[in-house]
Amino acid sequence: MPFVDEHPAHLHIDLLPEAQGSGWGRALIDALVQDLGRRGIPGLQLTAGGTNTGAIAFYRRIGFTELRRTPGGVTFGRPIAAVR
Ligand SMILES: CC(C)(COP(=O)(O)OP(=O)(O)OC[C@H]1O[C@@H](n2cnc3c(N)ncnc32)[C@H](O)[C@@H]1OP(=O)(O)O)[C@@H](O)C(=O)NCCC(=O)NCCS
């Protein structure tokens, strides 16, 4: 996949219903991005199911941009600044 060189890290996130909508998703991904940045990883990508409109809205809201769209889903990516 052409975007993997620039986004070598891949993410899955699934919060239980009672943990959703309270900022945990953003906080967990921010923590992951910080850690990846310290390790020199330049980007993060994931794929959301095409009908998962809530997740798609969430990823856009927290700064991911669309890399690819297929009948099966939408792949999003986010560059990561190196952290020293
Ligand atoms: C998708 C998921 C990870 C989001 O985590 P969350 O803790 O619920 O989201 P947060 O509370 O951190 O929301 C962060 C921002 O995204 C927005 N957002 C979150 N869910 C949203 C939705 N369904 N529709 C629109 N915006 C949404 C929030 O309003 C918030 O915006 P703000 O910065 O203006 O406050 C979580 O709901 C989840 O695990 N869902 C079920 C499993 C799933 O779909 N996983 C993803 C598979 S690809």
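Please treat every number below as a calculation from the coordinates, not as lab data. Remember, predicted model here, so these are calculated numbers, not experimental data. Every residue, glycine among them, receives a Cβ derived from its backbone with ideal geometry; neighbour counts consider all protein chains shown.
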Is it true that some residue in segment 8-16 is touching a residue at least 40 places away in the same chain (Cβ under 8 Å) and surrounded by fewer than 14 Cβ atoms within 10 Å (Cβ to Cβ)? no
Output yes when any residue across segment 12-21 is within 15 Å of the ligand (Cβ to nearest atom), in a helix (DSSP H, G or I) and within 10 Å of the chain's Cα centre (by Cα), and no when none is. no
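Output the residues belonging to segment 29-66 that are in a strand (DSSP E or B), within 14 Å of the ligand (Cβ to nearest atom) and not β-branched (Val, Ile, Thr).
Looking only at segment 29-66, we keep the residues that are in a strand (DSSP E or B), and these are 43-49, 65-66.
Keeping just the survivors that are within 14 Å of the ligand (Cβ to nearest atom) gives 44-49, 66.
Across segment 29-66, the qualifying residues are Leu44, Gln45, Leu46, Ala48, Gly49, Glu66.
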Between a first residue in segment 54-74 that is over 13 Å from Arg26 (Cβ atoms) and a second residue that is among the small types (Gly, Ala, Ser) and not in a loop (DSSP other than H, G, I, E, B), which pairs have beta carbons less than 7 Å apart while being 6 or more apart in sequence or on different chains? Ile56/Ala48; Thr65/Gly77; Leu67/Gly77; Gly73/Ala48; Gly73/Gly49; Val74/Ala48
